[in-house]
Structure formats: C-alpha cells, structure tokens
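K.L.:
The structure that follows is given in the form of structure tokens.
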Amino acid sequence: MNRPDVRIEPDAAPQTADGDVGRIAALLRPHAASLALATVLAGIVAASQGGLVWLVRELFDRLPRAQTGALPLLLVALFMVQGAARAGRTYLTRTAAIRAEASLRERLFAHLTRRAPDALSSEGHGDTLSRLASDVAGVRTAMGAAVTVIQRPLTAIVLLGAAARLAPQLIVYALIALPPVALVRASGTQSGDQ
C-alpha cells in the first residue's frame with residue numbers, strides 16, 4: 001500500500017543524497033559546543049598517549065641507573081589526565097546524544113499532537129516509528145563516531161611523532177610502510193561498504 005511520507009518538520013534539515021545525514025546533522029547542530037569540547041578532549045587523549053610512550057621509554061632508559069626521579073609520578077599523572085579526558089569526552093558525547101534524542105522525540109510528539117486523528121489513522125505508523133528508531137540510532141552513532149573520527153588520526157600523528165623522537169632511524173621505515181597499509185585498509189573499508 002502506498003502511504004504518504006510523514007515528515008516530522010519539513011524545514012528542520014536539508015535533504016541530502018542520504019536523507020538521514022541531513023536530519024541527524026540538524027539534530028546535532030545545537031550540541032556543536034559539546035562536540036567541540038569533546039574533540040578537544042580527544043586531542044588531549046591523543047597527546048597523552050604519545051606522552052605515555054615517551055615517558056615509559058624514559059623510565060626504562062633510567063631504570064638501570066636508578067635515576068627515575070619523578071618519572072613514575074608523571075606516568076601516573078598522565079594516566080589520570082588521559083582517564084579524565086576520556087571520561088569527559090564520553091560524558092559530553094553521550095549527554096549531547098541523549099539531548100538530541102529527546103529533542104527528536106519532542107518534535108515528533110509535537111508534530112503528532114497537531115495532526116487530526118483521522119489523518120493519523122490513515123498514515124502508516126510503522127513508517128514513522130521506523131524512521132524515529134533509525135534517527136535515534138543514527139544520533140547515538142554519530143555523536144561517538146564524530147569524535148572518534150577526529151581522535152584516531154590525531155593519535156596516529158602523535159604516536160608517529162613520539163616514534164620519531166624515540167627512534168628516528170625507524171621512522172623512515174614506518175613512513176615507507178604507512179602508505180601501503182593505509183591503502184589496503186581504505187580498500188578493505190570500501191569493499192566492506194558495498
């Protein structure tokens with residue numbers, strides 16, 4: 001049976017090739033500040049991972065001479081910073097996702113209460129509920145993925161920098177091996193998407 005497309009709010013988001021992307025982006029826009037702060041925290045996590053690599057190397061270099069000084073305390077402090085940044089990033093992304101989901105549900109409720117009962121009964125409720133479930137899942141996924149997409153390359157860059165600092169002669173080999181590995185990974189991801 002052909003049912004009309006039920007739109008929650010026609011001007012809420014521009015339709016893109018994938019309409020879900022536009023709707024989800026519109027839901028996330030009010031939470032841009034939280035996402036920006038979560039991105040900064042992701043950068044702190046990435047930097048602390050590089051710092052941990054460097055500190056562990058320094059600690060092992062000084063261990064035989066028993067001249068560790070404050071390095072063990074710095075190591076613990078860096079783990080604490082990393083843990084706090086991860087917790088803050090997770091809190092911000094989850095809170096923003098919950099608020100975006102609540103906004104979506106409120107908009108749907110407001111839309112449905114404005115409709116005439118006979119119009120509601122003639123339209124497909126399953127389509128509307130399916131779209132709502134899809135948008136809610138998309139919001140949850142988008143919040144975490146947006147920050148992760150930024151954090152992973154930052155982490156790779158920081159760790160590459162730490163590797164260059166710790167073993168400059170090995171960085172040449174890493175830079176030679178990195179492009180083929182990235183190419184294989186990208187082609188594997190593309191074939192998995194099809």
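FYI, it's all coordinate maths here, none of it is from the lab. Since the structure is predicted, the reported quantities are computational estimates derived from the model, not experimental observations. Every residue, glycine among them, receives a Cβ derived from its backbone with ideal geometry; neighbour counts consider all protein chains shown.
K.L.:
Lys and Arg at +1, Asp and Glu at -1: add these up for the other residues within a Cβ distance under 13 Å of S48 and post the number.
P.N.:
Numbers: positive: R86, R89; negative: none.
Net charge in that neighbourhood comes out at +2.
K.L.:
If you put +1 on each Lys and Arg Cβ and -1 on each Asp and Glu Cβ, how big is the dipole of the range 32-138 around its Cα centre, in Debye rounded to 20?
P.N.:
Values: 12 positive and 8 negative charges, 71 e Å.
My answer is approximately 340 debye.
K.L.:
In nm², what is the average projected area of the convex hull enclosing the Cα atoms of the range 42-194?
P.N.:
On the way: hull surface 52.8 nm².
Reported value for the Cα convex hull: 13.2 nm².
K.L.:
What FRET efficiency comes out for the pair V184/V40, r = Cβ-Cβ distance, R0 = 25 Å, nearest 0.05?
P.N.:
Numbers: r = 32 Å, r/R0 = 1.27.
With a Förster radius of 25 Å, E is 0.20.
K.L.:
Okay, moving on. If you plug each phi of the range 88-93 into the Karplus form 6.51 cos²θ - 1.76 cosθ + 1.60 with θ = phi - 60°, what whole-Hz ³J(HN,Hα) values come out, in order, with x for Gly and Pro?
P.N.:
Result, rounded to whole Hz: x, 4, 5, 4, 5, 5.
K.L.:
Rounded to the nearest 0.05, what FRET efficiency do Y173 and Q67 give with R0 = 22 Å and r taken as the Cβ-Cβ distance? Could you check?
P.N.:
Details: r = 31 Å, r/R0 = 1.41.
Given R0 = 22 Å and the Cβ-Cβ separation, E is 0.10.
K.L.:
Oh, and also: Give me the distance in nm between label points sitting 7 Å out from Cα along the Cα-to-Cβ direction at A25 and V56, one decimal.
P.N.:
4.0 nm
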